[in-house]
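Peer 1: After the structure tokens below, expect a handful of questions from me.
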Amino acid sequence: GEEPKSLPDYAAWKERNALIVHSTNTMETRRDAIGAGVVTPSDRLFVRNNLPTPPVDVVENADAWEVSIEGVRNPRSLTLAELKNMNVTSVTTVLQCSGNGRAFFPHGASGTQWSVGAAGCVVWTGVPLKDVVEELGGVEDGMSFITNTGGEELPAGLDPKTVIVERSVPARALETAILAWAMNDEPLPLSHGGPLRMVVPGYYGVNNVKYVKRVAFTDKETDAKIQASGYRIRDVGKSGAPEQPSMWEMNVKSWITTPLEKTHKGRNLIYGVAMGGAVAVESVEVSTDGGETWQEARFVGPDLGQYAWRPFVFATDLSPGEVRLVSRATSASGETQPKGRTDNERGYGHNGWEDHGVTVQVS
Ligand code: MSS
């Protein structure tokens, strides 16, 4: 067997038993550790880094962190202390990696082999980006994107464009984006982007740039590799290119979290989580026969808004033998999870219900 990997120093505070450690830069929440609460406890939340994190003193001196706001009428740098005096709001969002579910692609998509746990539901607190922009005179004319740059130190000897974490999202995201300094009611930890993170509700993880040091309204998307060819949906065997769809708005999705592998015969509560993506989730159905017949499940716990997920439960009687449990969510805009997957080179955006099911032994 393989040696269990230990947590890297910057994430040593995390709950080791709740996580599958793929590498120093990638850890996912175990399917049985997601829990039935709405909010994912911070110490169980997945981590995905493209580069080593900035040094820990940036969160020790959090209020001194500076972010440069560009592409507005009065561009300038603001400290976190200044941002904290502008306004404050909270938003709960699903934070999900574009590659969550990659492990289910049969072509062996390269990248971290995430199952379902490169996702969590997080309460963010910060200032609406809109308020910051208004303070600085509004967005300059003709800017179609918000381009956010991560504050990591770049490895020497490489072309910065090939490694920098810099992502552009459509300017419409200005309506909901926040610059967040707290997560689940605590100062934003370094591992999740402290001191300051761009949160773009309803968008895949990669667009939520950590330790954000520059927020620029731009007329074009950045030509950084992570934007131009990375995180693009294309056929298996094809290279990434700017004309392909970018991993922006998330899709409707759900998965079962309990039971897994084994359970007792008779009455069972089947648990899971369901999300709408960029819109609210409307309903979720469960099947105990691999998708032949479906029944509606019930949401559990408070509705924390359209960008949050909803834990669900379905009570049923199970007879001894093997059962295939699957779930299928429908969003407020009427999208239902498809049965199959859309094969694509890097294994992005998988929301097919069939692959996300679980086979359970009932005895
Ligand atoms: N940011 C930065 N700065 N860096 C990096 O690396 N990553 C991404 C985001 N942001 C990064 C950033 C990704 S990619 C993801 S998912 C996310 O983040 C995660 O988060 P956390 O907190 O969990 O770690 Mo895929 O789509």
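The values are calculated or read from the model by the stated rules, or taken from the named source; none is laboratory data. Predicted, not measured: the structure shown is a model, and the values here were computed from it. Counting neighbours? That spans all protein chains shown, and the Cβs are built from the backbone with ideal geometry, glycine included. Calculation scope for accessible area: heavy atoms of the full protein, side chains included, ligands and nucleic acids excluded. Shrake-Rupley method; radii C 1.70, N 1.55, O 1.52, S 1.80 Å.
Peer 1: Out of LEU190, LEU174, LEU158, LEU196, report the one residue that is open to solvent by 10 Å² or more (accessible area, probe 1.4 Å) and either within 14 Å of the ligand (Cβ to nearest atom) or in the same structural domain as ALA280 (by TED's automatic domain parsing) (or both). It would help to see each step written out before you state the result.
Peer 2: Values: LEU174 fails: either within 14 Å of the ligand (Cβ to nearest atom) or in the same structural domain as ALA280 (by TED's automatic domain parsing) (or both); LEU158 fails: either within 14 Å of the ligand (Cβ to nearest atom) or in the same structural domain as ALA280 (by TED's automatic domain parsing) (or both); LEU196 fails: open to solvent by 10 Å² or more (accessible area, probe 1.4 Å).
Selected residue: LEU190, the only one of LEU190, LEU174, LEU158, LEU196 that is open to solvent by 10 Å² or more (accessible area, probe 1.4 Å) and either within 14 Å of the ligand (Cβ to nearest atom) or in the same structural domain as ALA280 (by TED's automatic domain parsing) (or both).
Peer 1: When you scan region 251-263, do you find a residue that is in contact with a Pro (Cβ under 7 Å, 6 or more places away or on another chain), touching a residue at least 12 places away in the same chain (Cβ under 8 Å) and open to solvent by 20 Å² or more (accessible area, probe 1.4 Å), even just one? Spell out how you get there, then give the answer.
Peer 2: First pass over region 251-263, keeping only residues in contact with a Pro (Cβ under 7 Å, 6 or more places away or on another chain): none.
No, region 251-263 contains no residue that is in contact with a Pro (Cβ under 7 Å, 6 or more places away or on another chain), touching a residue at least 12 places away in the same chain (Cβ under 8 Å) and open to solvent by 20 Å² or more (accessible area, probe 1.4 Å).
Peer 1: Take region 202-229 and flag every residue that is closer than 28 Å to VAL56 by Cβ, more than 9 Å from the ligand (Cβ to nearest atom) and in a loop (DSSP other than H, G, I, E, B).
Peer 2: THR222, ALA224
Peer 1: Which count do you get for residues in region 309-342 that are of a type in the set (S, T, N, Q), surrounded by fewer than 19 Cβ atoms within 10 Å (Cβ to Cβ) and part of a loop (DSSP other than H, G, I, E, B)?
Peer 2: Total meeting the criteria: 3.
Peer 1: Of all residues being over 19 Å from the mean Cα position of the chain (by Cα) and β-branched (Val, Ile, Thr) in region 108-145, which is most open to solvent (accessible area, probe 1.4 Å)? Just the residue, please.
Peer 2: VAL139
Peer 1: It is to be established whether one or more residues within region 256-270 are over 27 Å from VAL358 (Cα atoms) and not in a strand (DSSP E or B). Walk me through how you get there before you give the answer.
Peer 2: Initially, region 256-270 is screened for residues over 27 Å from VAL358 (Cα atoms), giving none.
No, region 256-270 contains no residue that is over 27 Å from VAL358 (Cα atoms) and not in a strand (DSSP E or B).
Peer 1: Right, another one. In this structure, is SER246 among the small types (Gly, Ala, Ser), within 12 Å of the ligand (Cβ to nearest atom) and modelled with pLDDT of 95 or more? Before the answer, list the steps.
Peer 2: Numbers: among the small types (Gly, Ala, Ser): yes; within 12 Å of the ligand (Cβ to nearest atom): yes; modelled with pLDDT of 95 or more: yes.
Yes.
Peer 1: Can you tell me which residues in region 78-114 are under 30 Å from GLU354 (Cα atoms), hydrophobic (A, V, I, L, M, F, W, C) and out of contact with any Leu (no Cβ under 9 Å at 6 or more places or on another chain)? If you could, list the steps in order and put the result at the bottom.
Peer 2: Going through region 78-114, the residues under 30 Å from GLU354 (Cα atoms) turn out to be 92-114.
From what's left, hydrophobic (A, V, I, L, M, F, W, C): 94-95, 97, 103-105, 109, 114.
Of everything in region 78-114, those that are under 30 Å from GLU354 (Cα atoms), hydrophobic (A, V, I, L, M, F, W, C) and out of contact with any Leu (no Cβ under 9 Å at 6 or more places or on another chain) turn out to be VAL94, CYS97, ALA103, PHE104, PHE105, ALA109, TRP114.
Peer 1: So, one more: Looking only at region 165-180, how many residues end up being of a type outside the set (Val, Ile, Thr) and either outside any strand (DSSP E or B) or within 24 Å of ASN85 (Cβ to Cβ) (or both)? Don't jump to the end; show me each part of the working.
Peer 2: The initial filter retains those residues of region 165-180 that are of a type outside the set (Val, Ile, Thr), namely 166-168, 170-175, 177, 179-180.
Going one step further and asking which of them are either outside any strand (DSSP E or B) or within 24 Å of ASN85 (Cβ to Cβ) (or both), we end up with 171-175, 177, 179-180.
Residues meeting the conditions: 8.
Peer 1: Of these, VAL67, VAL88, VAL163, which one is surrounded by 18 or more Cβ atoms within 10 Å (Cβ to Cβ) and either aliphatic (A, V, I, L, M) or over 30 Å from TRP309 (Cβ atoms) (or both)?
Peer 2: Numbers: VAL88 fails: surrounded by 18 or more Cβ atoms within 10 Å (Cβ to Cβ); VAL163 fails: surrounded by 18 or more Cβ atoms within 10 Å (Cβ to Cβ).
One residue alone meets the criteria, VAL67.
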